[in-house]
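Each remark here refers to the structure printed beneath this line.
Any read-out appearing in this document is the output of simple, stated calculations on the displayed coordinates, not a laboratory observation. Keep in mind the model is a prediction, meaning the values are calculated, not measured. As a convention, Cβ positions derive from the backbone with ideal geometry for all residues, glycine included, and neighbour counts pool all protein chains shown.
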Amino acid sequence: MESIAKQKIVEDLLPQKFGKPGKIWVGILLVFCALGLFAYIRQLTKGLAVTGMRDYVSWGIYISNFVFFVAISLVGSLITAVLRLSDVHWSTPLTRIAEIIAVSAITFASIIIIVDMGRPDRFYNLFIHGRLQSPIIWDVVVITTYFFVSILLLYFPLMPDLAILLKFKEKTGAGLHKLYTFLGSFWKNTNAQIHINEKAVNILSITIIPVAFSIHTVTSWLFATTYRPGWDSTNFGAYFISGAFLVGAGGVIVAMYIFRKAYQLENYITDSHFDKMGKILVLLALLYLYFNVNEFLVPAFKMKKSEEDHLLGLFTGEFAPVFWFAITTAMIIPILILVFKKGRRPLPAFIAGILVVIGSWFKRYLIVTPTLLHPFLPMHDVPASYRHYIPTWEEWSIALGSLAGAMLIITLFARIFPIIPIQETITETEQNETK
Amino acid sequence: MKLNSSIAFAVLLFNFIGLNAFSQAEKNELTISIGYYNNNSQIHYLVAQAKSKIDGRFQQIPNVALSFYITNATIPNLLGKAVTNEKGEALLLIPPSAKNEWNKSAKQSFIVTSSASKQFDEATATLEITKAKIMIDTLPDKNIVATLFELMDSAWVPVKEVDLKVAIKRLGGDLNVNETPTYSTDSLGAVAAEFKREKLPGDANGYLTLIAKLDEHEIYGNITAEKLVPWGVVIKHASNFDKRTLFARRGHSPWWLELLAYSIVLAVWSILIYLIVQIKNIKKLGV
């Protein structure tokens, strides 16, 4: 490969300083994070009474957010592992985007679960008194494991890029140069290093798939192992995983579009990438729709008396607007957009991705809250506030703050590290040229 | 002035008469019923029930103070006092102090009275019983014989043509020993019943409690006799407490779960540790 072409790739993919829009974007995210932090301090000092959660709805939008974060984190395994192991090379520019989404999402999944605790200072009791029989313990173990797997999967392919970044001290600045030195000064691009690195990435790609499946299956079991209307389902593991892949793929399309626009990466994240990711999204949306039909049609057909209120609440009752909004925006409209070739162009695909992400968040809300408001034993002698759940501004602030925090991690990562793998792009370009 | 005073007095008088009449009209009639119970010739007690017809239907009246007497309603014969519960029932164990009065005759009367209150006039109920007892015994081949006696003068004589229930005492009620729930006593005052409940769980030693009963009999009241028999299946209570189950405490999960969970964790984390070692190896190669 000619060194000029190689040099262009490196220059195109080097991390860039924030322009004015980037600074505004970071500023907005910081404001949301600060608001969330302020609300959390209020919650810490005044207790969970500042939330809309009461005896019946003890899991509100925090847990919805947790399930959403866990779901979106699965994209790391889809793009990096599944496509890599399938010998699909077009996904190479997307692997790092997928992995940083996974890392930031799983970080905030861990944080938000602590936020949901009334006494986070007692968190250590989980380790002292936790029971191996409890799915909560499985979730703690599997989330920790997935976090480390994702970090490693982010780090190994980054090593060659760090060595490249070290050559551009003037551009990157002294501070970042120190960081690159610490993380990757040992990379000399020798055959032995490349061999170990490739082998490690392959091992990680294989390992992350069962771990990723476990993380979301166990999260689904947090619900399915309890006997409640809407949760008492054997379908939950597959239902959750299919939904997770959908929202993850939607998130990647959104991130692809934004990074492509912000860093002028049209030569690397091409229309073809949107076309292919669009097709994957249609497949995943159809799969998730299929699981939704299973999840709701069968109970609705039987309409057991004890589950009637919950189901009718979703179909025609107080949750119907949110329910149909989620089904329509997360699945039906994206399918209708992306099933056509014109719909798989960058902008329509980006819109479809946004719809999937928003619809999927509300879908998680519908999984958590309506069930808690329809217990098998009817509510008796409880205050009116116990019969409904309306999140307070503190909850919204914390939830939005956590979402902003996850986006801030992705944004800062893209500022510090190449969002598209430089060395892999060079290697693949060279391989394509030799063919 | 005089006229005004007269009018005021008249109004007060009418009011007093009217209120008094109204309060009298509010009073309902209290009905008391008494039951005599003799459990296995060990515990003798009386149960009184207070009822009143309110709004066209009988209702059980709680919080009614009742006085229980033996033979007649005089202070020396007072057995005790009790207050009706939410079911309108009051229970009084016949005290040992009534022994002399009890032994005077083969027949015995009990009187229960309630004093007048704001809601009810005073009420009295009387019950007369003939003292009776049931003897229960077993024969070979798991046959049960129960005999009803009544006290006549000072001798116990068999009573014929009275329906006796022969059953097995269980926690929630009585279980028939076979298809027939009740038997009529013969000329010897006896009934015979065949035990046909094979493999019925007994206690820890396999014992069952047989029971012969006379329920709400108008002459004898409620009488029972019990006998323990080793005809049940020995039940050894298998407690899961502190065993390795999915519902046990920390550290007591089933072996299969521990093996599975720790194997998975160990396998996955071994891979991660191996990969961390590979980072070190890459570093070494670059030095």
State to the nearest 20 debye the size of the charge dipole of the protein assembly as shown about its Cα centre, where the only charges are +1 on K and R beta carbons and -1 on D and E beta carbons.
-> 2680
Under a cut-off of 21 Å between alpha-carbon atoms, report the lysines in cross-link reach of A:K342, not counting same-chain residues fewer than 8 places apart.
-> A:K261, A:K276, A:K279
Distance between modelled label sites at B:N281 and A:L37, nm, 7 Å Cα→Cβ extension = 4.2
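Give, as a single signed number, the net charge of other residues whose beta carbon lies under 11 Å from the beta carbon of B:A190, with Lys and Arg counted +1 and Asp and Glu -1. Walk me through the intermediate numbers first.
Values: positive: B:K160; negative: B:D137, B:D186.
Overall, the nearby charge balance is -1.
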Taking +1 at the Cβ of each Lys and Arg and -1 at the Cβ of each Asp and Glu, which of B:T147, B:I136, B:V191 sits farthest along the dipole of the stretch B:132-229 towards its positive end, judged by Cα position relative to the Cα centre?
-> B:I136
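For chain B, state the semi-axes of the equivalent ellipsoid (square roots of 5 times the eigenvalues of the alpha-carbon gyration tensor), sorted largest first and rounded to whole angstrom.
On the way: eigenvalues 816, 367, 46 Å².
Over the Cα atoms of chain B, the semi-axes work out to 64, 43, 15 Å.
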About the Cα centre, charge dipole magnitude for the stretch A:1-117 (Lys/Arg +1, Asp/Glu -1 at Cβ), debye | 420
Could you let me know the centre-to-centre spacing of the stretch B:182-204 and the stretch A:218-278, using Cα atoms, in angstrom?
-> 72
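Would you mind finding the longest exposed-site-free stretch of chain A, with exposed GluC sites (Glu not before Pro) meaning DSSP loop and at most 14 other Cβ atoms within 10 Å? Please report the intermediate quantities before stating the final value.
Numbers: sites that count: A:E2, A:E266, A:E318.
No qualifying site falls inside A:3-265, the longest such stretch.
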Using only Cα atoms, locate the centre of the stretch A:94-133 and the centre of the stretch A:384-435, then give the distance between them in Å, rounded to an integer.
-> 16
Neighbour-count ranking [beta-carbon atoms within 10 angstrom, fewest first] of A:L400, B:L171, A:L246 | B:L171, A:L400, A:L246
Equivalent-ellipsoid semi-axes (√(5λ), Cα gyration tensor) for chain A, whole Å, largest first?
-> 40, 24, 20
Note to self, chain A gives a 222 nm [θ] from helices alone (DSSP H runs n ≥ 4, -39500 (n - 2.57) apiece, / all residues, nearest 500) of -24000 deg cm²/dmol
Under a straight-distance cross-link criterion of Cα-Cα below 20 Å, which lysines are reachable from B:K51, leaving out those fewer than 8 residues away in the same chain?
-> B:K27, B:K81, B:K87, B:K118
Rounded to the nearest 20 debye, dipole of the stretch B:132-229 from Cβ charges on Lys, Arg, Asp, Glu | 420
Mean-position separation - Cα centroids, the stretch A:1-68 and the stretch B:76-122, in angstrom | 79
Along the charge dipole of the protein assembly as shown, which of A:Y288, B:T224, B:N240 sits closest to the positive end, that is, farthest toward it, with unit charges on the beta carbon of Lys, Arg, Asp and Glu (+1, +1, -1, -1)?
-> A:Y288
When the C-alpha atoms of the stretch B:132-229 are aligned to their principal axes, what extent does each axis show, in angstrom, from largest down?
-> 43, 27, 24
Can you sort A:H388, B:H252, A:H374 so the residue with the fewest Cβ neighbours within 10 Å comes first?
-> A:H388, B:H252, A:H374
